[in-house]
Amino acid sequence: MKIDEEYSRLLGFDVEFREEGKASFLTPKIPENKNYPPTSLPVFYNPASKASRDIAVLFLKAFFEGEKISVCEPLAGTGVRSIRLILETGLVQYALVNDISRNAYELIRINAKLNNVEDIIEASNLDGNELLAARGRGRPRFRYVDVDPAGSPSRFLENGLRGCGKNSVLGVTATDLSALTGAKQISCLRKYDSYPVKTPFMREVAVRILAGFIVRSASRINLSAEPVFSFLRDYYTRVFVKVSPSIEKAKKLLRSIGWISYCPKCVSIDVYRVGEIPINKCSRCSLEVYSSGPLWLGELCRKELVEKMLDYAYRDLEIYREVISMLEYIASEDTSLIGYYPVNVLSSIFRVNPVKPRKLVEELENNGYKATLTHLDKSAFKTDAPPEVIREVFIKTSRS
Ligand SMILES: C[S@@+](CC[C@H](N)C(=O)[O-])C[C@H]1O[C@@H](n2cnc3c(N)ncnc32)[C@H](O)[C@@H]1O
Ligand SMILES: [Zn+2]
């Protein structure tokens with residue numbers, strides 16, 4: 001009998017061998033029909049999330065360079081994420097790998113053995129909140145906690161943060177982009193205490209709402225959570241925060257919470273910080289506009305960290321090729337600039353032909369303004385130039 005058939009018999013569902021990064025592991029047999037929802041499998045596995053796991057590996061390598069760390073994956077599915085973190089970073093000494101599903105738990109144990117990491121991985125079969133809420137009080141917390149649910153992470157956030165020790169990181173995934181990007185505004189209010197109003201830069205609003213929610217959740221339980229890396233890709237967004245037990249730092253971070261509004265007439269982006277009351281009028285043309293928020297207005301990535309991640313990615317292109325282009329975009333992106341302008345939106349407002357975003361970045365920089373591309377929308381640019389300059393530069397470049 002073939003080895004995967006033996007495991008299928010043992011587990012009571014069909015499994016197959018797969019390879020991802022340096023891991024060789026079993027997943028439930030994936031139906032030929034590619035449209036299956038991964039949540040319908042006996043154990044969750046989505047091959048399309050490889051990039052998310054690539055990024056987690058590169059992030060840990062860059063952030064914890066040379067340290068020995070403990071990690072916790074409260075919602076682990078097959079365990080492939082933790083196995084890859086162990087095999088590819090060489091930094092992980094202990095990993096608590098948990099899933100509420102009994103099938104997942106059994107598979108995590110088998111996959112740990114198949115990759116010779118059973119001495120590092122402790123498999124667990126609890127509710128993720130129960131597992132994390134019990135940390136502290138004599139049970140060591142972790143240097144890295146990875147909250148990776150299907151849907152919204154909001155109900156796991158506070159406990160995820162409680163599982164974080166000193167100088168640690170929490171990585172968070174949200175796949176409910178319909179809520180975060182404003183297609184389902186009330187769902188966003190329900191899950192993230194934040195209201196998204198439609199703008200041309202909703203993908204950034206989504207990342208900033210998630211980041212803001214993490215910052216605020218941490219401050220509620222006397223922790224500071226500072227966003228250090230984030231991205232949005234395909235069907236999900238991820239934010240990594242540095243966690244420290246500091247009320248003073250938490251208060252400081254809260255000053256970067258606020259609201260954003262966008263004027264579809266004069267293309268002004270207005271920003272209001274905590275302490276300023278958002279007004280429902282465009283600051284330039286007085287058109288009635290509404291604000292998205294509360295959300296995070298600070299930087300979303302640390303440049304030196306992204307550069308290190310890129311460096312590690314270049315060293316092993318066989319594994320990380322898929323995420324290179326996104327990392328290159330992020331490395332060149334200025335996330336202190338709020339919002340972005342897709343060129344087709346501006347071309348229809350200004351009634352001229354679209355212009356390549358790269359060309360506009362160049363022209364705006366030549367005029368003394370900050371301007372960058374963004375991984376969030378490759379047809380867009382970010383800038384601190386005022387609306388009248390954006391208009392003038394856009395029209396001039398379009399006609400040249
Ligand atoms: C998106 S999958 C995890 C994928 C995995 N992190 C990876 O990278 O392949 C989410 C997992 O959370 C598990 N889950 C759902 N609710 C849970 C809970 N309350 N506690 C622990 N696990 C839970 C599901 O069984 C599922 O395996
Ligand atoms: Zn206006």
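Bear in mind that the values in this text are calculations on the coordinates, not laboratory data. Computed from a prediction, not measured in an experiment: that's the story for all the values here. Because the Cβ atoms are built from the backbone with ideal geometry, glycine has one as well, and the counts that use them run over all protein chains shown.
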Next item on the list: Pairs to check: 198/242; 281/396; 198/265; 61/242; 61/249; 166/382. Give those whose C-alpha atoms are more than 23 Å from each other in this structure.
Entry: 198/242; 281/396; 61/249; 166/382
Check: Counting Lys +1, Arg +1, Asp -1, Glu -1, what net charge surrounds residue 368 among other residues with beta carbon under 14 Å of its beta carbon?
Finding: -4
Checklist line | Likely footprinting exposure, 285, 188, fewest C-beta neighbours within 10 Å first | finding: 285, 188
Next item on the list: With r as the distance between the Cβ atoms of residue 33 and residue 366 and R0 = 41 Å, compute the FRET efficiency 1/(1 + (r/R0)^6) and round to 0.05.
Entry: 0.20
Margin query: Under a Cβ-only charge scheme (Lys and Arg +1, Asp and Glu -1), can you give me the dipole magnitude of the range 3-259 about the Cα centre, in debye to the nearest 20?
Written below: 1340 debye
Note to self: What does the net charge come to around residue 123 if you take all other residues with beta carbon closer than 13 Å to its beta carbon, with K and R at +1 and D and E at -1?
What the structure shows: -3
Notebook entry, point to check: If you take the beta carbon distance between residue 279 and residue 167 as r and set R0 to 30 Å, what does 1/(1 + (r/R0)^6) give as a FRET efficiency, to the nearest 0.05?
Noted result: 0.15
Check: Zone of residue 122 (label point 7 Å along Cα→Cβ, backbone N under 16 Å): which residues in the range 158-179?
Finding: 163-165
Note to self: Please report the spacing between the Cα centers of the range 289-330 and the range 1-78 in Å, no decimals.
What the structure shows: 23 Å
Notebook entry, point to check: Which whole number in µm²/s is D for the chain by Stokes-Einstein, with the Kirkwood Rh taken over Cα pairs at 20 °C and 1.002 mPa s?
Noted result: 96 µm²/s
Notebook entry, point to check: What is the local net charge at residue 313, summed over the other residues whose Cβ is closer than 9 Å to its Cβ (Lys, Arg +1; Asp, Glu -1)?
Noted result: -1
Next item on the list: State the Cα centre-to-centre distance between the range 208-222 and the range 242-270 in whole Å.
Entry: 11 Å
Next item on the list: Would you calculate a helix-derived [θ] at 222 nm for the chain, using -39,500 (n - 2.57) for each DSSP H run of n ≥ 4 and dividing by the full residue count, to the nearest 500?
Entry: -12000 deg cm²/dmol
